[in-house]
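Trainee: This structure is in structure tokens; I'll ask about it shortly.
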């Protein structure tokens, strides 16, 4: 009840001071405060704790972690596979979103619901299902267990919904009239797609790509069964982190986690820059 | 509004009634008490009959239990991190030692008739039904055609048992580290998967991965009892797995009674039926899932133990040290399948 009253209050004050943008109203000050407090408790403080633990041994801790060839191989594998899967999602996710929004076919509603399954399924269940379907006893005759491809497969599965779900609403909001006008002015289908549709989808695609990449580099449960955790071949970073924790080496675990945070941050910023560039050109 | 009131009333009733009932329950018991148990994963099913039988005794009447099960190392860290518990029953001693270091368990915890151990098992080979490869002993694991699955000791404390057993075999013949190292290196050359935990390794094997799995005898028996289509082989020389138990410093009286029951013939018989070797003499039960249910736990001719063979866990753990450990080095030099 109190929040509703506050909400009305905010709007009343807001209406009374039109044009004022930088000075926060009491209502929005409260909102900002609550948001920051919540974000700090859930995200900023734990992140700070990880970085602080990692910093216990100074730069030396990071160097030691990166010098371990097994860890280095895991980082290369994880980042490489995550990037590959994200690229794959950019194409397949956009395609699926397109099909779901633009095409009318039998079972569309069902497909629309099922897209979220990879989100909802406990990752260890995903791992078991993937191992059953694409392991040594595969009914489809496809066995990728303990191979690099198993990592690609598991990551592709768990990150599938991200780009579909970010692109879908944007595509649905796109005005079909503009495309029709372009067509009637003689623009070819491909030109319309390239000049009209894709530029407006870029922010959604990059946002989905960032989510997809971030999820992929931290994945554990879904690939732990099918990948076999083979050093240098299929062992991902999160398994290395858990090894450090099991070995009682919290500092190395935190250092490796911090490195992965930096990688994620770098990729998210890069995606944002790409998106701004494309948006400016469009 | 009346509708809303009814919902509130129902909600209130739903909250209050069980609370009242719970209150009655705890006050009516003759020796009411609470025991919270923190154990490693496999105990989840093994503890059920033990607790049920304890509650049938006079000491256990009315005692309520709260239980938490998970990977041994995770459980140990959870207790150190503040998970309240009366009893910890873990896969390997170092996980209890860490709790002792945190000051939650008395350092004399292992000065008991069973040296602090509650359940035993052996490192065994789980093979496909009918043992098509004819695996009998450790040396068979280095043959070509063997596809070995064993949990990774880097992420699974329990997996240390498996590789220490292999090391002991390698060393056993002539003694000295080079033989142990040579054998483990050769054996791991046949590894096709190193899952992160013993339970994941079993799941992976059951899904068709590999043809030999290094596992605990207790896990193999439990899986067979549950209907999984596998066989297991106890080699003539293998390592005794010993799972420690300890009470925390402020353990309840009920917890002390429970531990006494766990170590009694009746308690050990319950664990034996679930696949664990008893830590005391004089327990004979039929064990469903065992190779020979009426003689489930034949003595191992050459029995390695952590204390006798390796000189204790401090020395055994050194094999897994990330930068200097001999087994850790083998694992980090392992380029399985190129």
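Trainee: Evaluate the following for residue A:42: is it surrounded by fewer than 17 Cβ atoms within 10 Å (Cβ to Cβ), more than 14 Å from chain B (Cβ to nearest Cβ), in contact (Cβ under 8 Å) with a residue 60 or more places away in the chain and under 22 Å from the mean Cα position of the chain (by Cα)? Explain how you work it out, then say what you get.
Mentor: Numbers: surrounded by fewer than 17 Cβ atoms within 10 Å (Cβ to Cβ): yes; more than 14 Å from chain B (Cβ to nearest Cβ): yes; in contact (Cβ under 8 Å) with a residue 60 or more places away in the chain: no; under 22 Å from the mean Cα position of the chain (by Cα): yes.
Considered against the rule, which asks whether it is surrounded by fewer than 17 Cβ atoms within 10 Å (Cβ to Cβ), more than 14 Å from chain B (Cβ to nearest Cβ), in contact (Cβ under 8 Å) with a residue 60 or more places away in the chain and under 22 Å from the mean Cα position of the chain (by Cα), residue A:42 comes out as no.
Trainee: Okay, moving on. Of all the helices (runs of 4 or more DSSP H) wholly in region B:145-220, which have at least 2 residues that are more than 25 Å from residue A:151 (Cα to Cα)? Spell out the reasoning first.
Mentor: On the way: elements: B:159-172, B:177-188, B:198-206.
It comes to B:159-172, B:177-188.
Trainee: Among the residues of region A:219-226, is any more than 23 Å from residue A:86 (Cβ to Cβ), touching a helix residue (DSSP H, G or I) at 6+ places or on another chain (Cβ under 7 Å) and at pLDDT 90 or above?
Mentor: Within region A:219-226, the first condition is being more than 23 Å from residue A:86 (Cβ to Cβ), and the residues that meet it are none.
No, region A:219-226 contains no residue that is more than 23 Å from residue A:86 (Cβ to Cβ), touching a helix residue (DSSP H, G or I) at 6+ places or on another chain (Cβ under 7 Å) and at pLDDT 90 or above.
Trainee: Tell me, which helices (runs of 4 or more DSSP H) wholly within region A:203-282 include 2 or more residues that are without any contact (Cβ under 8 Å) to a residue 12 or more places away in the chain and within 14 Å of chain B (Cβ to nearest Cβ)?
Mentor: Of the helices (runs of 4 or more DSSP H) lying wholly inside region A:203-282, those with at least 2 residues that are without any contact (Cβ under 8 Å) to a residue 12 or more places away in the chain and within 14 Å of chain B (Cβ to nearest Cβ) span A:237-246.
Trainee: Quick check: anything in region B:132-146 touching a strand residue (DSSP E or B) at 6+ places or on another chain (Cβ under 9 Å) and within 14 Å of chain A (Cβ to nearest Cβ)?
Mentor: No.
Trainee: With the requirement that a residue be in a loop (DSSP other than H, G, I, E, B) and within 9 Å of another protein chain (Cβ to nearest Cβ), what does region B:297-338 give you?
Mentor: Taking region B:297-338 first, the residues in a loop (DSSP other than H, G, I, E, B) are B:297-301, B:305, B:311-312, B:319-325, B:333-338.
Hits for region B:297-338 are B:320, B:321, B:322, B:323, B:333, B:334, B:335, B:336, B:337, B:338.
Trainee: Give region B:75-93 a look and list any residue that's surrounded by 21 or more Cβ atoms within 10 Å (Cβ to Cβ) and over 13 Å from residue B:251 (Cβ atoms), or say none.
Mentor: Keep residues of region B:75-93 that are surrounded by 21 or more Cβ atoms within 10 Å (Cβ to Cβ), which gives B:75-76, B:79, B:85-93.
The answer is B:75, B:76, B:90, B:91, B:92, B:93.
Trainee: Considering B:225, B:182, which residue is under 29 Å from residue A:248 (Cβ atoms), away from every other protein chain (no Cβ under 14 Å) and surrounded by fewer than 24 Cβ atoms within 10 Å (Cβ to Cβ)? Walk me through it before giving the result.
Mentor: On the way: B:225 fails: under 29 Å from residue A:248 (Cβ atoms).
When all the criteria are applied, what remains is B:182.
Trainee: How many residues, within region B:101-124, are without any contact (Cβ under 8 Å) to a residue 60 or more places away in the chain and either within 14 Å of chain A (Cβ to nearest Cβ) or in contact with a helix residue (DSSP H, G or I) (Cβ under 6 Å, 6 or more places away or on another chain) (or both)?
Mentor: Within region B:101-124, residues that are without any contact (Cβ under 8 Å) to a residue 60 or more places away in the chain and either within 14 Å of chain A (Cβ to nearest Cβ) or in contact with a helix residue (DSSP H, G or I) (Cβ under 6 Å, 6 or more places away or on another chain) (or both) number 3.
Trainee: While we're looking at this one, here's another question. Please indicate, with yes or no, whether at least one residue in region B:274-284 is away from chain A (no Cβ under 14 Å), out of contact with any strand residue (DSSP E or B) (no Cβ under 8 Å at 6 or more places or on another chain), farther than 18 Å from residue B:92 by Cα and surrounded by 21 or more Cβ atoms within 10 Å (Cβ to Cβ).
Mentor: Residues of region B:274-284 away from chain A (no Cβ under 14 Å): B:274-284.
With the extra rule that they be out of contact with any strand residue (DSSP E or B) (no Cβ under 8 Å at 6 or more places or on another chain), the set shrinks to B:274, B:280-284.
Retained after the next criterion (residues that are farther than 18 Å from residue B:92 by Cα): B:274, B:280-284.
Checking which are surrounded by 21 or more Cβ atoms within 10 Å (Cβ to Cβ) leaves us with B:274.
Yes: region B:274-284 contains one or more residues that are away from chain A (no Cβ under 14 Å), out of contact with any strand residue (DSSP E or B) (no Cβ under 8 Å at 6 or more places or on another chain), farther than 18 Å from residue B:92 by Cα and surrounded by 21 or more Cβ atoms within 10 Å (Cβ to Cβ).
Trainee: Checking the structure you have, find out if any residue of region A:57-66 is surrounded by 11 or more Cβ atoms within 10 Å (Cβ to Cβ), more than 32 Å from the chain's Cα centre (by Cα) and modelled with pLDDT of 80 or more.
Mentor: no
The values are calculated or read from the model by the stated rules, or taken from the named source; none is laboratory data. Bear in mind the structure is a predicted one, so any value in this text is a computation, not a measurement. Note that each Cβ is placed from the backbone with ideal geometry, even for glycine, and that neighbours are counted across all protein chains shown.
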